[in-house]
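Heads up: the structure comes next, in structure tokens.
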Amino acid sequence: MLDKIIEFSLKQKFVAISLVLLMTIAGLSAFFNIPINSLPDVTPNQVLVITKAGRYSPFDVEKLVSYPIETAMNGLPNVSEVRSVSQFGLSAVTIEFEEGTDTYFARSMVSQRIQAIKDELPEGVSAPQLGPISTALGEIYQYVVRGPGYSLTELRDMQEWLIAPQLKTVKGVTEITAFGGFVKQYEVTVIPGRMRAFNMGLKEIIDAIQNNNSVSGGNYLEHNREQYIIRGFGQIRTKEDIENIILVNKDNKPVYIRDVADVSLGKQLRQGAVTQDGKGEIVTGIVMMLKGGNGKNVIAEVEKKIESINKGLPENVKIEKFYDQSELIARTTSTIWVNLIEGGFFVVSILLLLLGEITGALIVASVIPFSMLFAFIGMSEFGLAANLMSLGAIDFGMVVDGSVVMVENIVHRLQSKGKDENVDDVIMKASKEVARPIFFGVLIILMVYVPIMTFKGMEGILFRPMAITVAAAVLGSLILALVYVPAISALIFRKGIKVRKNYLIDWLKPKYKNFLEKYLEKRKKILTVALSVFGISVILMFFIGTEFLPELDEGSILIEQVRMPSVTLTESVENANWLAGILTTKIPEIKTVVPKTGRSDLANDWMGVHQTDIWVILKPRDEWRSGV
């Protein structure tokens with residue numbers, strides 16, 4: 001089989017090289033389409049059910065909301081765990097599914113159970129909602145809505161009604177979360193004495209407001225050859241609309257809401273707030289990427305959309321970015337590419353020194369990018385993203401191993417060929433001599449990665465992409481060594497090869513021979529030393545530190561601040577704002593500090609008002625003080 005492959009590549013050289021070119025096109029297409037992120041997303045396959053229970057305590061939320069929803073989720077196919085968090089006014093139930101379960105199938109099953117249970121929830125509890133199709137790594141872009149002269153309530157309105165709807169149109173964005181500021185609401189404060197005077201109850205006021213806030217249709221009328229749509233518009237738009245709602249008629253005189261209550265413009269109670277640099281509260285937005293999206297592309301599209309949105313905002317209002325993952329992605333990918341380029345350079349340099357033939361070294365070097373393209377094809381087929389874990393483990397020594405053996409034997413045979421021998425015949429003979437060792441050598445390397453491909457759970461999420469990527473690159477290098485290298489060698493060396501003296505090898509050979517002869521006589525000592533070194537390394541292994549993921553300099557620091565659970569939101573915000581001011585003024589390397597206290601309305605991160613995440617965004621390192 002291997003001999004026939006060699007014969008095909010030499011008899012059909014241009015066909016073989018054309019196949020490599022087709023693979024190159026497919027690899028480039030895969031490269032430009034695979035997602036590029038910083039790290040693998042280790043979040044399990046899960047669905048979040050969020051239920052707002054305005055006035056209920058944590059105990060009541062758990063008993064009346066979280067527990068019924070948890071119970072309803074039991075029995076769903078492929079569910080591995082159901083857990084919940086119950087806070088004041090909020091229930092968050094997480095349903096975790098087995099690996100491999102389709103996300104949309106899981107959400108469909110959960111949605112069906114929600115429909116069956118929602119009518120059993122107590123009065124005052126909103127309908128349960130599914131959380132966004134995103135993960136913790138999906139918070140790819142965060143910004144501030146800045147507008148001097150505008151209140152926090154007005155800026156929050158702009159965020160929710162002008163900015164968020166437009167950002168949601170960006171491909172790859174699944175949710176825009178507003179955090180900070182105040183949500184506008186109308187407050188009706190009843191006056192008990194006036195209510196008694198008119199013999200009115202609180203329920204009558206509530207019913208009157210609900211019944212007078214609607215839109216109805218009345219079909220249409222035809223008049224003078226034209227059709228007129230009949231529409232009844234009764235929605236409340238202003239404070240005066242509420243004040244003028246009629247409650248009842250007393251002695252043929254209407255009693256209005258303004259007669260028994262005061263109506264004012266107020267703010268909805270909140271469980272979170274955001275400040276910046278010790279200068280007070282701000283309104284922020286968080287862009288959440290669809291699970292499995294291409295972080296690099298989504299961020300670029302979000303920035304384009306924000307540039308467009310800024311042009312349509314009111315005067316002096318603009319969106320300012322304070323954090324995104326583009327820098328982290330750029331640092332990660334640049335680290336990978338620098339390592340790959342440096343590795344390729346060293347491989348070519350060593351090959352040039354050892355082979356003594358620059359053309360042969362370049363043939364081997366060309367295998368590196370082709371093998372990488374083959375790896376991208378494998379990543380695309382398996383739906384993998386390019387990140388530090390999937391690409392960082394590629395070893396060029398393994399990639400060029402087969403091609404080095406093939407080229408070295410071809411060069412050696414061509415240097416010693418007779419005058420009457422045909423170049424193609426010599427290359428075919430040389431290739432067949434090493435085809436089997438190359439095949440089994442690469443096969444052994446591939447077998448090492450097979451167990452890793454069977455990993456499940458967290459280990460599988462982390463290491464399976466790496467194993468698949470390396471295996472694809474090594475498999476590509478095997479195909480190239482058996483098909484591409486003989487064919488390209490036959491074309492390049494068609495006029496033969498000049499015999500060059502390799503001074504380095506000539507100098508090393510006698511020294512290595514003497515070394516080998518000397519120590520082969522002391523086999524027991526050599527074996528003892530080898531076993532001793534192995535034993536010491538095993539002992540040292542237990543003293544080496546471990547970490548979950550490779551350390552990355554993201555250019556930012558996250559500080560978690562925790563206070564007494566009984567603290568108020570106001571106190572927490574003031575304390576966090578004070579700390580942000582201290583950090584900003586005392587440390588010049590800090591660009592901005594954004595403390596986030598409590599939870600946002602979406603509540604995908606359910607912190608209490610006693611907890612604060614302090615985002616410390618650092619300046620570029622070239623702007624730091626020396627020695628820091």
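The values are calculated or read from the model by the stated rules, or taken from the named source; none is laboratory data. Just so you know, these numbers come straight off a predicted model, no measurement behind them. Glycine gets a Cβ as well: all are built from the backbone with ideal geometry, and neighbour counts include every protein chain shown.
What do you reckon, is residue 370 at negative phi, under 29 Å from the mean Cα position of the chain (by Cα), among the aromatic types (Phe, Trp, Tyr) and buried (at least 23 other Cβ atoms within 10 Å of the Cβ)?
no
For the range 259-269, which residues satisfy the criterion of being buried (at least 17 other Cβ atoms within 10 Å of the Cβ) and not hydrophobic (A, V, I, L, M, F, W, C)?
Once the filter is applied, which keeps residues that are buried (at least 17 other Cβ atoms within 10 Å of the Cβ) and not hydrophobic (A, V, I, L, M, F, W, C), the range 259-269 yields only 259.
Just give me the residues in the range 578-607 being in a loop (DSSP other than H, G, I, E, B), in contact with a Phe, Trp or Tyr (Cβ under 7 Å, 6 or more places away or on another chain) and crowded, with 18+ Cβ neighbours inside 10 Å, in sequence order.
Result: 599, 600.
Just to check your reading of the model, which residue among 53, 72, 16, 92 is at pLDDT below 90, outside the structural domain of residue 379 (by TED's automatic domain parsing) and among the hydrophobic types (A, V, I, L, M, F, W, C)?
53 is the lone residue from the list that is at pLDDT below 90, outside the structural domain of residue 379 (by TED's automatic domain parsing) and among the hydrophobic types (A, V, I, L, M, F, W, C).
Report yes if some residue within the range 283-291 is at pLDDT below 90 and surrounded by 11 or more Cβ atoms within 10 Å (Cβ to Cβ); otherwise report no.
Looking for residues that are at pLDDT below 90 and surrounded by 11 or more Cβ atoms within 10 Å (Cβ to Cβ), one finds at least one in the range 283-291, hence yes.
Listed here are the residues, each with its yes/no results for (1) modelled with pLDDT of 75 or more; (2) touching a helix residue (DSSP H, G or I) at 6+ places or on another chain (Cβ under 6 Å); (3) of a type in the set (Phe, Trp, Tyr).
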site: 335; (1), (2), (3): no, no, no
site: 338; (1), (2), (3): yes, no, no
site: 349; (1), (2), (3): yes, no, no
site: 369; (1), (2), (3): yes, no, no
site: 382; (1), (2), (3): yes, yes, yes
site: 424; (1), (2), (3): yes, yes, no
site: 435; (1), (2), (3): yes, yes, no
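Only residues that are surrounded by 19 or more Cβ atoms within 10 Å (Cβ to Cβ) and in a strand (DSSP E or B): list them for the range 608-628, please.
611, 612, 614, 615, 616 - these are the residues of the range 608-628 that are surrounded by 19 or more Cβ atoms within 10 Å (Cβ to Cβ) and in a strand (DSSP E or B).
Has the range 405-419 got any residue that is surrounded by fewer than 22 Cβ atoms within 10 Å (Cβ to Cβ) and under 44 Å from the mean Cα position of the chain (by Cα)?
The answer is yes; a qualifying residue exists.
Of all residues in the range 27-78 being surrounded by fewer than 18 Cβ atoms within 10 Å (Cβ to Cβ) and aromatic (Phe, Trp, Tyr), which is nearest to residue 131 (Cα to Cα)?
Restricting to residues being surrounded by fewer than 18 Cβ atoms within 10 Å (Cβ to Cβ) and aromatic (Phe, Trp, Tyr), the top hit is 67.
Would you kindly identify the strands (runs of 3 or more DSSP E) lying entirely within the range 110-208 that contain at least 2 residues that are touching a Gly at 6+ places or on another chain (Cβ under 6 Å) and either hydroxyl-bearing (Ser, Thr, Tyr) or more than 30 Å from residue 617 (Cβ to Cβ) (or both)?
So the answer is 184-190.
Is there any pair linking a residue in the range 404-418 that is of a type in the set (Lys, Arg) and in a loop (DSSP other than H, G, I, E, B) to one that is surrounded by fewer than 23 Cβ atoms within 10 Å (Cβ to Cβ) and modelled with pLDDT of 80 or more, with Cβ under 6 Å and at least six apart or on different chains, and which?
Filtered contacts from the range 404-418: 417/426.
Within the range 457-497, take every residue that is without any contact (Cβ under 8 Å) to a residue 24 or more places away in the chain and more than 26 Å from residue 435 (Cβ to Cβ) and give me the one that is surrounded by the most Cβ atoms within 10 Å (Cβ to Cβ).
Ranking the qualifying residues of the range 457-497, first place goes to 464.
In the set 184, 168, which member is basic (Lys, Arg), modelled with pLDDT of 90 or more, within 30 Å of residue 592 (Cα to Cα) and touching a helix residue (DSSP H, G or I) at 6+ places or on another chain (Cβ under 6 Å)?
184
The conditions are (1) of a type in the set (Gly, Ala, Ser); (2) assigned by TED's automatic domain parsing to the domain that holds residue 21; (3) over 30 Å from residue 27 (Cα atoms), and residue 476 fails exactly one of them. Which is it?
Tallying (1) of a type in the set (Gly, Ala, Ser); (2) assigned by TED's automatic domain parsing to the domain that holds residue 21; (3) over 30 Å from residue 27 (Cα atoms), residue 476 fails exactly one: (3).
Filter the range 34-72 down to residues that are assigned to a helix (DSSP H, G or I) and among the hydroxyl-bearing types (Ser, Thr, Tyr) and give me whichever is nearest to residue 97 (Cα to Cα).
Step by step, filter the range 34-72, then rank; the result is 71.
Just a yes or no: is a residue in the range 224-244 of a type in the set (A, V, I, L, M), loosely packed, with under 13 Cβ neighbours inside 10 Å, free of Cβ contacts under 8 Å to residues at least 24 places away in the same chain and part of a helix (DSSP H, G or I)?
No, that holds for no residue.
Residues in the range 356-393 that are part of a loop (DSSP other than H, G, I, E, B) and within 17 Å of residue 37 (Cα to Cα): how many?
The total comes to 7.
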